[in-house]
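Data block below; observations after.
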Protein chains: 4
Amino acid sequence: MNNVMKEMDRLDNLLPQWVEKSRPESAHGRVATYIPELSKAEWDLLGISVLNADGRYSEAGDTAFSFTLQSISKVFTLILALMDHGEEAVFSKVGKEPTGDNFNSMMKLELIQPAIPFNPLINAGAIVISSLIKGNSVEQKSERILQFFRELAGNDRLVIDHKVYRSERETGHLNRSMAYFLLDKGILEGNVEDVLDVYFRHCSIQVETADLARMALVLAYNGLDPLTGKQLIPRRFVQIAKTFMITCGMYNGSGEFAIGAGMPAKSGVSGGILTFVPGRLGIGVVGPSLNAKGNSIAGVHLIERLSREFDWSMF
Amino acid sequence: MNNVMKEMDRLDNLLPQWVEKSRPESAHGRVATYIPELSKAEWDLLGISVLNADGRYSEAGDTAFSFTLQSISKVFTLILALMDHGEEAVFSKVGKEPTGDNFNSMMKLELIQPAIPFNPLINAGAIVISSLIKGNSVEQKSERILQFFRELAGNDRLVIDHKVYRSERETGHLNRSMAYFLLDKGILEGNVEDVLDVYFRHCSIQVETADLARMALVLAYNGLDPLTGKQLIPRRFVQIAKTFMITCGMYNGSGEFAIGAGMPAKSGVSGGILTFVPGRLGIGVVGPSLNAKGNSIAGVHLIERLSREFDWSMF
Amino acid sequence: MNNVMKEMDRLDNLLPQWVEKSRPESAHGRVATYIPELSKAEWDLLGISVLNADGRYSEAGDTAFSFTLQSISKVFTLILALMDHGEEAVFSKVGKEPTGDNFNSMMKLELIQPAIPFNPLINAGAIVISSLIKGNSVEQKSERILQFFRELAGNDRLVIDHKVYRSERETGHLNRSMAYFLLDKGILEGNVEDVLDVYFRHCSIQVETADLARMALVLAYNGLDPLTGKQLIPRRFVQIAKTFMITCGMYNGSGEFAIGAGMPAKSGVSGGILTFVPGRLGIGVVGPSLNAKGNSIAGVHLIERLSREFDWSMF
Amino acid sequence: MNNVMKEMDRLDNLLPQWVEKSRPESAHGRVATYIPELSKAEWDLLGISVLNADGRYSEAGDTAFSFTLQSISKVFTLILALMDHGEEAVFSKVGKEPTGDNFNSMMKLELIQPAIPFNPLINAGAIVISSLIKGNSVEQKSERILQFFRELAGNDRLVIDHKVYRSERETGHLNRSMAYFLLDKGILEGNVEDVLDVYFRHCSIQVETADLARMALVLAYNGLDPLTGKQLIPRRFVQIAKTFMITCGMYNGSGEFAIGAGMPAKSGVSGGILTFVPGRLGIGVVGPSLNAKGNSIAGVHLIERLSREFDWSMF
């Protein structure tokens, strides 16, 4: 029995009790309310799925809970845009630097020269990325994104949660504001509502923690899906995504998470976190109660503890 | 012959030569290009109309040039909103402070608590004001504004310049961005495109310098039109408008203009300036070439010189 | 009996009761604590002195309370610097625009090009002004300022409150921070501690409301002391000071005060307010409890009420 | 011959020509001038030292050039402060987040709550770290730092370059400004000039690229000096330092460098870069001509190329 196998056995043992130890952290956070539909989630849910290259899962807690990807989707639309246009074209439209500001801050947009969004994982940057996805229509672009996500998750049943999508579209005025700002600056092209439609749709794709773990596993193996043997993403684009996940994957709590857990990760306001151990494991977590930085409070607690115990930090 | 009469005689004498002395200043400025339709104006135009309470005009230069009110309209929509809702309601939606920032800066919107626009003369504030004009439809609101402006200008032929209006609507994405930001914060209500439509229309009302002088004369007489004897605006609302014209009527060049000329004034990016000598004169100026702050460069030069010569400063 | 005389009689009648009506406002504010020595003032003091050109005083409340000028001094050091160097030299070092920010904000310093302080009444600007006062030493400069203030107040007994001065010098690290920032940018020259020493000293000059009223009267009469017949300040420099008092004399509550009272004014964190009715009256007020903008809360209440009653607004 | 040996042989072969290929990049950058003494460096110098755990060096270019550590020292004073006080105490005084702003920006200081510097590698944070070094006097603290650096570099002859130190102390007004700001906010304690003295001294320690390579090697081996077998730094503190080097080691070009090279690194305005390949190599580079972000322009070019060729990225 090799080390990785032993790790999975230990996880099977530890995860149930550790989930219960992290779950009470949720009481110190708050479920997101800015998208009305999200506010309905039960605040004390917590679930985790860990998947290795043999296809073996170790899971605990509320893994049957369905939630939307939200910002987690931004990692994969970035990758799709890179696959559609290449590195140079994409980074003429978004930068590579972390910001230290809130994910939805507009202040930064006014201060940099050239006025491109700091990076592809803040809202402004992710909206620009949505505008770069190839396709002749909103539907075609959204369909391409959905198919790509299904392939990564190895799950043909991934669909858009239309209630959440409509809720975002109806209330996403800050994103609309950013999009018009970017249009004014010539960074965004085309019809703003169409771009936002693509954006809101991919944020609203519904998953479970097992889907996150599978998508993460592909990143952990540099774009190769170890369960099918297919290279789904060129290695260089995984490298880029992984770097952004370290420097700005957890909003303006990224630095703290890098020091605490040291794992590439991306969180969403629905409470999901996708993270992985390079070359070993894909991990999906969900816990809707968020800390002040917008990350799942119990999820962060659980991952940091696991990272210390299993020495998962890249650093 | 009283002093005011003598002043008009001296103006008749001086204005033609002073206009020619200020006109070359235009070479140091630039015609606005951000609304494409405005960029077509001839850069070295300069005209001035001065009107006293006897209805006597003193004029010089390009007074036959038609231009759109742009930001000058904001003074009068503010007054109309005050007449529609009263002081308290209006100032729950916009503040009373100058900003020091560009007229179209969004940065400030993020920094104040509560997040209301600093004042009704910056774009964000003026858009909020547009949303407060009473009326059941865009058309009705715009019609009310137009009628009010016609009455103030004593000119039934004032109309919207539809080319400019369409140009603003098509390219006004920064205003759109601000409007959605304000909608997100709950400061703006209703349909954003409708509010912007009202806003773009009143910015696009076409005038000549004589119209500005007549509108200014009503302010100079505290809301009374001395030529008809009608009180068109309650005095308190003129007082409020006059104060804003001193503290923030000339964008972020307001402080400098207050020290240089000391007269309540409002400028627009079309090159117009409306100003007045309280209790004496209404003045309209136009010169499309703008200085770095967005004010008519030759117009400011001319008014500051006249103010020094005739001791028109309020200070 | 002329109108002004009648005004003084009415003031004699009204002031005592109006002071008592405004005094309870102090409960909604807070005495400044950032200079430890200031925090010792009794929070519910309120006093007012009004002085006319005949030398007649109308007073009420705690007029025997001694307090330090603090920011009020900035109006007069600006005037002295103008008298020392002229308009052009002074305004190459400080700007003319209101800011909308806190008086001690440093943020603005980083954003403008050229990086000069926005105006001479914010701390950064006033420190630059202190560096411009002529004199061979800190002592000589401070002595010149004190003599100038004594002459304006017609009071040879004006002195520096050394306890407050030492308190400011020991705790004025934010001002020190600004001064070094300005030194780095080449706006401030010379020894920083010396410049700050001049600054802290003039902020610490002790006055009573009657002194403020007398200093204000000189401004009300365009630089002429009507009680001695001496022209103490060239009229142009009073005009400049008056303009700044309207646009930024009351910190970032200046716009609101201009609309509420419409009088040139300058406040200090000790609770003093110097204001005047041009051509008529000099006014000094003190009330140590401050509103959120840093102005005497009861003092503002009292002045706004008087302005409405007596129609003192310039607007 | 193992892989690492082969790598060293390949480096011996490639480095001389690659240094010459990167050297011309210096023409597109500028030598730092803000510390007058630094501006004297020759702009087209470029040198590199690579060291492995067997003590074998591979070097090319201007490795005999002596330069000061500048910001590179901040990594090691952070480590020393962590060894002096532990994680919790240190991170109550500085944050863990990258900023996206210039290294010497003060703007951020005003915007965060609590107002602690974003991270220990920006100037404000590094000044706070300097204040935490244990010792009874400036001299004792500086001596402890110097001894620690000597041990890490395995070089007893490391000294402070007094010309640079004096130059920094005389012109470091922006750092002085920050220090007083931090003192005002209660983040910095003690005598500001003393703290700055400690800071300026450790920035002025003189090294050559071989010293950087040796110091880097200790980090590459998680705190163990592989040449002596001594554990000089606890592994956890190396982990923290390494994380900061990835997220903010290259000023606001850190994100770009992480994507381009993917190696933990710290640069200084003298043109030095310390970087390493975890578990394998310590690397020191110097090239005084800086890019717009303040990093050695030829140095970055050289390291990115080497990283691609040898697949050194952590990502």
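Using helices alone, I'd like the mean residue ellipticity at 222 nm for the protein assembly as shown: each DSSP H run of four-plus residues gives -39500 (n - 2.57), total over residue count, nearest 500.
The helix-only estimate for the protein assembly as shown comes to -14500 deg cm²/dmol at 222 nm.
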*GNM result for chain B, Cα springs below 10 Å: residue of B:TYR221, B:TYR199, B:TYR180 fluctuating most strongly*: B:TYR180
*Take peptides D:28-38, B:184-194, B:115-125, C:58-68 and line them up by average Cβ neighbours within 10 Å, highest first, as a rough protection proxy.*
B:115-125, C:58-68, D:28-38, B:184-194
_Per residue accessible area in Å² of chain B, where ligands, DNA and RNA are left out and the probe is 1.4 Å_ = 34 Å²
*asked:* Suppose the chain between D:MET83 and D:GLU170 were pulled fully straight at 0.36 nm per residue; how much longer would it get relative to their current alpha carbon spacing?
replied: 28.3 nm
*Given the protein assembly as shown reduced to its alpha-carbon atoms as identical point scatterers, what log10 I(q)/I(0) does the Debye formula return at q = 0.06 Å⁻¹?*
-0.59
*Provide an ascending nm list, one decimal, of label-point separations from A:THR33 to the equivalent residue in each further copy; define each label point as 7 Å from Cα along Cα→Cβ.*
3.0, 4.8, 5.5
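Evaluate peptide C:85-98: per residue, the Cβ atoms of other protein chains within 10 Å of its Cβ; return the mean as an integer. List each step's numbers first, then the result.
Values: counts 0, 0, 1, 0, 0, 0, 2, 0, 0, 0, 4, 8, 14, 10.
Averaged over the peptide's residues, the number is 3.
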*What percent does the relative contact order of chain A come to when contacts are Cα pairs within less than 8 Å and at least six residues apart?*
26 percent
*Using a 7 Å Cα-to-Cβ projection, B:PHE310 label spacings across copies, nm, ascending*: 3.1, 7.9, 8.2
*Could you tell me which of rounded, prolate or oblate describes the stretch D:197-312, using a ≥ b ≥ c as the square roots of the eigenvalues of the alpha-carbon gyration tensor, with rounded for a/c under 1.5 and, failing that, prolate when a/b is larger than b/c and oblate otherwise?*
oblate
*asked:* Testing the spin-label approximation: label points 7 Å from Cα along Cα→Cβ at A:ASP194 and B:ASN136. State their distance in nm.
replied: 3.7 nm
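Please give me the summed charge of the neighbours of B:GLU170: other residues whose Cβ is under 13 Å from its Cβ, Lys and Arg +1, Asp and Glu -1.
-1
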_If you fit an axis through the alpha-carbon atoms of helix B:123-132 and take the longest principal axis of the Cα set of chain B, what angle between them do you get, 0 to 90°, nearest 10?_
70 degrees
*How many angstrom lie between the C-alpha centres of the stretch B:236-250 and the stretch A:236-277?*
51 Å
*How large is the Kirkwood hydrodynamic radius of the stretch C:114-265, in angstrom, based on all distinct alpha carbon pairs?*
16.6 Å
*asked:* Quick check: net charge around D:THR247, other residues with Cβ under 9 Å of its Cβ, Lys/Arg +1 and Asp/Glu -1?
replied: 0
*Calculate the length of the line joining the C-alpha centroid of the stretch B:1-78 to that of the stretch A:9-72, in whole Å.*
68 Å
_Lys, Arg +1 and Asp, Glu -1 on Cβ, resulting dipole of the stretch C:112-217 about Cα centre, debye, nearest 20_ = 100 debye
*Report, in debye and to the nearest 20, how large the dipole of the protein assembly as shown comes out about its Cα centre when Lys and Arg carry +1 and Asp and Glu carry -1 on their Cβ.*
0 debye
_Neighbourhood net charge (13 Å Cβ-Cβ; Lys/Arg +1, Asp/Glu -1) for B:ASP197_ = -1
*asked:* Residue by residue through A:181-187, how many Cβ atoms from other chains fall within 10 Å of the Cβ on average?
replied: 4
*asked:* Please give the Cα centre distance for the stretch A:295-315 versus the stretch A:164-203, rounded to the nearest Å.
replied: 33 Å
_Using 20 Å bins from zero, what percent of all Cα-Cα pairs in chain A falls into each bin?_
36, 59, 5
_Chains C and D, summed buried accessible surface - 1.4 Å probe, Å², nearest 100_ = 1300 Å²
*Please average, across the residues of C:242-249, the number of beta carbons from any other chain that are within 10 Å of each residue's own beta carbon, and give a whole number.*
5
*Counting alpha carbon pairs within less than 8 Å and at least 6 residues apart, what relative contact order, in whole percent, applies to the stretch B:205-307?*
29 percent
*What size of dipole, in debye to the nearest 20, comes out for the stretch A:214-304 about its Cα centre when the only charges are +1 on Lys and Arg C-beta atoms and -1 on Asp and Glu C-beta atoms?*
320 debye
*Go ahead and set up a Gaussian network model of chain B, Cα springs under 10 Å, then flag whichever of B:MET215, B:MET250, B:MET83 fluctuates most.*
B:MET83
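The values are calculated or read from the model by the stated rules, or taken from the named source; none is laboratory data. From a predicted model like this one, the values you see are computed outputs, not experimental measurements. All Cβ positions, glycine included, derive from the backbone under ideal geometry; neighbour counts span all protein chains shown. To get the accessible areas, we keep the full protein, side chains included, count just its heavy atoms, and leave off ligands, DNA and RNA. Shrake-Rupley method; radii C 1.70, N 1.55, O 1.52, S 1.80 Å.
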